[in-house]
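This report refers to the structure that appears directly beneath it.
Taken together, the values in this text are just the output of simple stated rules run on the coordinates, not laboratory data. The structure displayed is predicted, hence computed values, not measured ones. Counting neighbours? That spans all protein chains shown, and the Cβs are built from the backbone with ideal geometry, glycine included.
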Amino acid sequence: MTLAGRDLISINDFSNKEIEVVLDLADEMNSSLKEGMRLYLCEGKELYTIFYEPSTRTRSSFETAMHRLGGTVVSHAEAQVTSSVAKGETIADTVRVVEKYADIIVMRHPLDGSTKLAAEHCCVPLISGGDGAHEHPTQTLLDLYTIRKEKGAIKGKNVALCGDLRHGRTVHSLAIGLARFGAEITCIAPPGFELPDHIRDTLKSYKCKLTEYKSLEDIVGEGSLVVRQQEGSMNFLLGSLDVLYFTRLQRERLATREIGGVAEESYRINKQLLERSRDDALIMHPLPRTNELAYEVDQDKRAAYFRQAGYGVPVRMALIALLLGVVESKLRRSPKKDTAKLANDVFGVRCPNQRCVTNVESYATPRFYKVPANPKLLRCYYCDWLVQMG
C-alpha cells in the first residue's frame, strides 16, 4: 500500500497508520536536516504553490521543504489578484492548467470546501494549505508531530484548545486528529466562538472526552484558575493540562459587529497564568498571534510555538516525498475502512454555509453525506456543515 498519488484535503483522508508513517519519516527528515545533509529525492520534480490568502509559515515551509528535497518550486502568491481568477476563471479551470506545470500542488483558498473541489478536477496530488474556515490538515500533521516529539505520545494527553474555535481551521483539523489518537480535549472559547456543530458531531463519533468552558478568568489558588460558565464559576485545575493550544480571533472571517463583542482577554495567556501551569506543559500556537499570546511568554521553556513552526519543514518534506512516491511508505494493506454514504436521493438542497464553495462556484453541484445516527441530518460533502431536513 502506498501514499503515492494521493491528495490530502482533510485530516480524515489519512488513516492513523498513514499519519504515523508521515510523522516517522518526518523524524528521519529532521535528523537529516540537523546533520546538514542535502537530499535529492525530488530532483526533477516541480511543486506549485497557489495561495489565494496570505501565508507566511505554510507556503514558506512547503517551498523550503521542496528545495531541501532537491526539487524546484513555482510560487503563486496573492492568486486572487495576480491570476486569471481576477478575470473570472474558476477553481476547476485554474487547477486544470496548473497541473500541466507541476508534479504536486499546494493550494490555499478562502472558500470552505474549495480544495476538495479543486482535487476533483486535478490529476496530480493536491494538498490543502487551508480552505476557508474548514480545515488545515498539514498544520495538524505538524501539531501532532510537535506533541509526539516533545511529550512522547499523544494518547491520554489533555489538550486545551483556546480561542476562536468556530472560525479557526487549524483547530478543526487538530481536534479530529487528537480525538483519533486518543487525547482528551478541553475547549475554552468565548460565547459564539465554540467548536462548530459538525466538528463536535465528529468528535462524538470518536467517543472523545470533550470538556467545554467559556473563559479563562483569573488565578484563584495554587494550580487552579477560574473558568466562568453560563451558570456561575468553577475551579479548573490548570495543572491537568499537558498542552495549551491557542489560536487568534479570525478577524478576516467576521463581520465588524461580531468582532466588537468578543472578549479576547478571556483566553489570553500571560506570565501570571503560565506560573500556575505544569512545568512540563507545552504552549502551542499556529501563528500569527494578535492579543491572545503575550510576548513575555516567549522566553519560557514551555513556549513551543516557534519550534512548532520549524517542524513544518521536515513534516512537509515527508508528506511531499510520500505523495510523489520517491520514498517507500512501508505501509501494510489495511482493511477497507467504512466510508460515509452519499445521499443520492436528495435533490434541490443547498448547503446553509454561505462560504461553502458550492454557493459560489456555479458548476459545483451540492452533495451530501447521510448521518447514520440521525436520518434527518445531512452533512455537506465539501464543507461538512450539517443540514437539518424536514
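Region 13-43 to region 96-140: how many Å between their Cα centroids? First find each Cα centre; the distance between them is then 21 Å.
Of the GluC sites (Glu not before Pro) found in region 69-120, those in coil by DSSP whose Cβ has at most 14 other Cβ atoms within 10 Å are GLU78, GLU89.
Based on C-alpha pairs under 8 angstrom that are at least 6 apart in sequence, the chain has a relative contact order of 19 percent.
The gain in end-to-end length when the GLU212 to TYR363 segment is fully stretched comes to 50.4 nm, 0.36 nm per residue minus the alpha carbon separation. For region 340-390, the relative contact order works out to 33 percent when only alpha carbon pairs closer than 8 Å and six or more residues apart are counted.
Of the chymotrypsin sites (Phe, Trp or Tyr not before Pro) in region 338-382, the ones in a loop by DSSP (not H, G, I, E or B) with at most 12 other beta carbons within 10 Å are PHE347, TYR363.
Highest GNM mean-square fluctuation among GLN308, GLN139, GLN354, for the chain modelled with Cα contacts below 10 Å: GLN354. Taking the DSSP bridge list for the chain and keeping only pairs wholly inside it, about 30 percent are antiparallel. Rg then Dmax, both in Å and based on the Cα atoms of the chain: 20.8, 62. The modelled label-to-label distance between ALA373 and GLU296, using points 7 Å beyond Cα along the C-beta direction, is 4.2 nm. Using only side-chain charges placed at the Cβ, +1 for Lys and Arg and -1 for Asp and Glu, the dipole size of region 1-157 relative to its Cα centre rounds to 360 debye. Here the spin labels are modelled as points 7 Å beyond Cα on the Cα-Cβ line, and at LEU41 and LYS17 they lie 2.0 nm apart. Distance between the pseudo-spin-label points of SER240 and ALA153 (7 Å out from Cα toward the beta carbon): 1.9 nm. Between the residues PHE246, HIS121, ALA77, the greatest Cα displacement towards the positive end of the dipole of the chain, with unit charges on the Cβ of Lys, Arg, Asp and Glu, is found for HIS121. Scoring 8-17, 274-283, 21-30 by mean Cβ neighbours within 10 Å over their residues and listing the highest first yields 21-30, 8-17, 274-283. Working from Cα pairs under 8 Å separated by at least six residues, relative contact order for region 80-131 is 37 percent.
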